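Undergrad: Can you keep this structure in mind? I'll have questions shortly.
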Amino acid sequence: FPSRNLICEVITRHLTLLEMASPATHGTITPAANFNAEAEAEKLRKAMKGLGTDEAAIIRVLTSCSNEQRQQIKLQFKTMYGKDLISDLKSELGGNLENAVLALMETPLAFDASELRAAMKGAGTDEGVLIEILCTRSSDQIRELKKVYHTQLKRDLEKDIMSETGGHFKRLLVSLLQANRDDSGVVDKDLAVKDARDLYDAGVGQWGTDESVFNKVFVSRNFGQLRATFYEYREVSERVYETVVCRQLWLMWHRLSFSLLVMTLSRQLTRRCLVI
């Protein structure tokens, strides 16, 4: 079992990120200006042609444009040379570089789907990956993700989640998969006050913790609304929110996942740089 201090440290770090984060936070790879898919395809062909592979050139091309532009390069490459770019990259690269480059070439939804499957495949479950993806995608993105997961892997995402997780953590993830979060961005101060009071009553205000109340608030409210709720919670309880969560949820190790989920839900994390 981890120490209380360790759990509180992790939770506090997540809440600090919430305070620093902007709703408009994005990755650092942006669309290339004056982009020419044909010219970039030629550069990749040259980097892989003949003896040896110019790995630096491949990295330069694929990290200097957006994911959408990389999809255009992939299409243009096959149009020009009658060869599949992904197959060529696999044959020319290896190790971690190959894994990174192939991830760059996936669409964001396909990447999410493959990461979720990898997190649940085999012995054990990487709950951190489930949290990172499912807690930070919009309702529209989750709806599309479920479709891609089924098409790409011939599996049902919700069924996989239910078989690989348990308890309140499973309930939260299943709730998220319903893609019913308010994505309007509108912040209702009165609702924030009510939710703050409900969270207080479900936690500090009683013996034990009523996780169903946390589930309802964190799964359905938009991220701006959650920020307002956290602020109001401090007014209601006269305590810093992460301290309360530590006090309520630290006792059992499996609840760390629940705590991390609660904290992560409060903001949209920067998407993995590989898919931006």
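Undergrad: What percentage of all Cα-Cα pairs in segment 156-224 are separated by more than 16 Å?
TA: Here the tail beyond 16 Å accounts for 55 percent of pairs.
Undergrad: For segment 29-103, what is the relative contact order in percent, using Cα pairs closer than 8 Å and at least 6 residues apart in sequence? Walk me through the numbers before you get to the answer.
TA: On the way: 63 pairs, mean separation 24.8, N = 75.
Value for segment 29-103: 33 percent.
Undergrad: Reported to two decimal places, what Rg/Rh ratio describes segment 111-164 when computed on Cα atoms with Rh from the Kirkwood expression?
TA: Details: Rg = 10.3 Å, Rh = 11.1 Å.
That ratio is 0.92, to two decimals.
Undergrad: In addition: When all C-alpha to C-alpha distances in segment 74-147 are sorted into bins of 10 Å, what percent of pairs does each bin hold, rounded to whole numbers?
TA: Taking every Cα pair in segment 74-147, the percentages come to 17, 37, 31, 14, 1.
Undergrad: Calculate, in whole percent, how much of the Cα-Cα pair population of segment 44-118 lies beyond 15 Å.
TA: Tail of the P(r) past 15 Å holds 55 percent of the pairs.
Undergrad: With all protein chains present and a 1.4 Å probe, how do Arg227, Arg181 order by accessible area, largest first?
TA: Arg227, Arg181
Undergrad: Okay, next question. In whole percent, what relative contact order does segment 81-164 give with Cα contacts below 8 Å and a gap of six or more residues?
TA: 25
Undergrad: Same structure again: Report Thr30's accessible area, 1.4 Å probe, all protein chains in place, as a number in Å² to the nearest 10.
TA: Thr30 exposes around 80 Å² with every protein chain in place.
Undergrad: Mean projection of the alpha-carbon convex hull of segment 55-191 over all orientations, in nm²?
TA: Hull-based average projected area comes out at 11.3 nm².
Undergrad: Hey, which aspartates and glutamates would be in cross-link range of Lys146, C-alpha to C-alpha under 17 Å, not counting anything within fewer than 8 residues on its own chain?
TA: Within the straight-line limit of under 17 Å, Lys146 reaches these aspartates and glutamates: Glu106, Asp112, Glu115, Glu132, Asp156, Glu158, Asp160, Glu164.
The values are calculated or read from the model by the stated rules, or taken from the named source; none is laboratory data. Predicted, not measured: the structure shown is a model, and the values here were computed from it. The accessibility values were calculated without ligands, DNA or RNA, using every heavy atom of the protein model including side chains. Shrake-Rupley method; radii C 1.70, N 1.55, O 1.52, S 1.80 Å.
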